[in-house]
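Engineer: Below you will find the structure I want to go over with you.
The values are calculated or read from the model by the stated rules, or taken from the named source; none is laboratory data. Just so it is clear, the model here is predicted, and its values are computed rather than measured. When we count neighbours, we look across all protein chains shown, and the Cβ atoms used for this are built from the backbone with ideal geometry, even at glycine. What goes into the accessible areas is simple: the full protein's heavy atoms, side chains included, and nothing from ligands, DNA or RNA. Shrake-Rupley method; radii C 1.70, N 1.55, O 1.52, S 1.80 Å.
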Amino acid sequence: MNKNKKTRIELRDLEESFQLQELDNGIIRIDEEICDYTTTSISRHIDYVINSGRKHITFRITSPGGDVYSSLALYDIILGLNSKGVKTTAIVEGLAASAASMVLLQAMDNRYSRPTARFLIHEPRRWAFLERQKTSDLKDETQEMVAVTNVIYEILAKRCKKPIKFIDESIDRRERWLSANEAKEYGLIDKIIN
């Protein structure tokens, strides 16, 4: 085995060792795009931590966001931890964009941020362009996007303690970037920590 290949294997083993050590300490990292795969992986990590007897999980978040349905699934999974007596804390370390800030972060009992973290909120969007679709398909899809947008606005309004009209006006048809201080003022997080 050549030296480079051996080093890569050692680094992978070391990374897995660090991840296991963090899980044993009740820490789960969300550091990639949220999709079906990451939702399943995070759900398995949650089960591992709960089965080890821990009653508190800390999620360390650096995520560009991702799929709204996968994020809503994680939201429901994390909210369900309360019924099992498990408390949750999120620490944003870098970026909580899109679904990571608007959905996932709002499921946590405690929402913290590092001083230099950044947040991005916007209305849900569709990423497929110029597909051949029937008008009825577009109408159905538009209705679904409006329904999902309403769910997200309700989550944000409840957790940020803001009227839905404020949420709608603050992110309708645009992206809104926030510093940690601005995110705290908006209600996305509870506290800025070092």
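Engineer: If I model a spin label at Asp47 and Trp177 as a point 7 Å from the Cα along the Cα→Cβ vector, what separation in nanometres do I get?
Structural biologist: Distance between label points: 4.0 nm.
Engineer: Heavy atoms of the protein only, probe of 1.4 Å, neighbouring chains included. What is the accessible area of Met145 in Å², nearest 10?
Structural biologist: Near enough 60 Å² of accessible area.
Engineer: Another one. Gaussian network model of the chain, Cα springs within a sub-10 Å range: biggest mean-square fluctuation belongs to which of Glu169, Glu32, Glu154?
Structural biologist: The residue with the greatest mean-square fluctuation here is Glu169.
Engineer: In degrees from 0 to 90, rounded to the nearest 10, what is the angle of the helix 135-160 Cα long axis to the longest principal axis of the chain?
Structural biologist: 70 degrees
Engineer: Return the single residue from Ser63, Ser98, Ser52 with maximal mean-square fluctuation; model: Gaussian network over the chain, springs between Cα atoms under 10 Å.
Structural biologist: Ser52
Engineer: A further question on this structure: Any chance you could tell me what percent of the C-alpha pair distances in region 1-114 go past 19 Å?
Structural biologist: Cα-Cα pairs in region 1-114 separated by more than 19 Å: 46 percent.
Engineer: Binning at 10 angstrom from zero up to the longest distance, how are the C-alpha pair distances of region 7-53 distributed in percent?
Structural biologist: With 10 Å bins starting at 0, P(r) equals 26, 46, 27, 1.
Engineer: I've got another one for you. Let me check something: with ligands and nucleic acids excluded, how do Ile167, Ile77 order by accessible area (1.4 Å probe), largest to smallest? Before the final figure, lay out each step's value.
Structural biologist: Details: Ile167 0, Ile77 60 Å².
In descending accessible area the options line up as Ile77, Ile167.
Engineer: Taking the 0 to 90 degree range and rounding to the nearest ten, how far is the long axis of helix 68-80 tilted relative to the main principal axis of the chain, both from C-alpha atoms?
Structural biologist: 60 degrees
Engineer: Using the heavy atoms of the protein chains alone and a 1.4 angstrom probe, what is the accessible area of region 19-155 per residue in square angstrom?
Structural biologist: On a per-residue basis, region 19-155 sits at 51 Å².
Engineer: If you don't mind, another one. Determine the order of Tyr48, Tyr69, Tyr153, Tyr37 by accessible area, beginning with the largest, at a probe radius of 1.4 Å.
Structural biologist: Accessible-area ranking of Tyr48, Tyr69, Tyr153, Tyr37, largest first: Tyr37, Tyr69, Tyr48, Tyr153.
Engineer: Hey, got the Cα dimensions of region 56-154 along the principal axes, in Å, largest first?
Structural biologist: Cα spread of region 56-154 along its principal axes, largest to smallest: 48, 33, 18 Å.
Engineer: Let me ask something else about it. On the accessible surface of the chain, probed at 1.4 Å, how many percent belong to carbon and sulfur atoms?
Structural biologist: Ligands and nucleic acids excluded, carbon and sulfur give 50 percent.
Engineer: For Ser63, which sequence-distant residues (separation of 5 or more, or a different chain) have an amide H within less than 5 Å of its own amide H, given hydrogens modelled in the peptide plane?
Structural biologist: Leu95, Ala96, Ala97
Engineer: Another one. Report, in deg cm²/dmol and to the nearest 500, the calculated mean residue ellipticity at 222 nm for the chain, where each DSSP H run with n ≥ 4 adds -39500 (n - 2.57) and the sum is divided by the residue count.
Structural biologist: -15500 deg cm²/dmol
Engineer: So, one more: Roughly what % of Cα-Cα distances in region 102-194 sit above 15 Å, to the whole percent?
Structural biologist: Considering region 102-194, 64 percent of its Cα-Cα pairs are separated by more than 15 Å.
Engineer: Take the chain, connect every pair of alpha-carbon atoms lying under 10 Å apart with a spring to form a Gaussian network, then pick out the residue of Asp47, Asp109, Asp36 with the largest mean-square fluctuation.
Structural biologist: The residue that fluctuates most here is Asp47.
Engineer: Shifting gears a bit: Please list Phe18, Phe166, Phe119 from largest to smallest accessible area, probe radius 1.4 Å, with all protein chains kept in place.
Structural biologist: Phe18, Phe166, Phe119
Engineer: Only one of the listed values, (1) 0.99; (2) 1.03; (3) 0.96, was derived from the coordinates as Rg/Rh (Cα atoms, Kirkwood Rh); which label is it?
Structural biologist: Structure-derived value, by its label: (2).
Engineer: Calculate the translational D of region 43-106 in whole µm² s⁻¹ from Stokes-Einstein, where the hydrodynamic radius comes from the Kirkwood formula applied to all Cα pairs, the temperature is 37 °C and the viscosity 0.692 mPa s.
Structural biologist: Values: Rh = 12.1 Å.
The estimated diffusion coefficient comes to 272 µm²/s.
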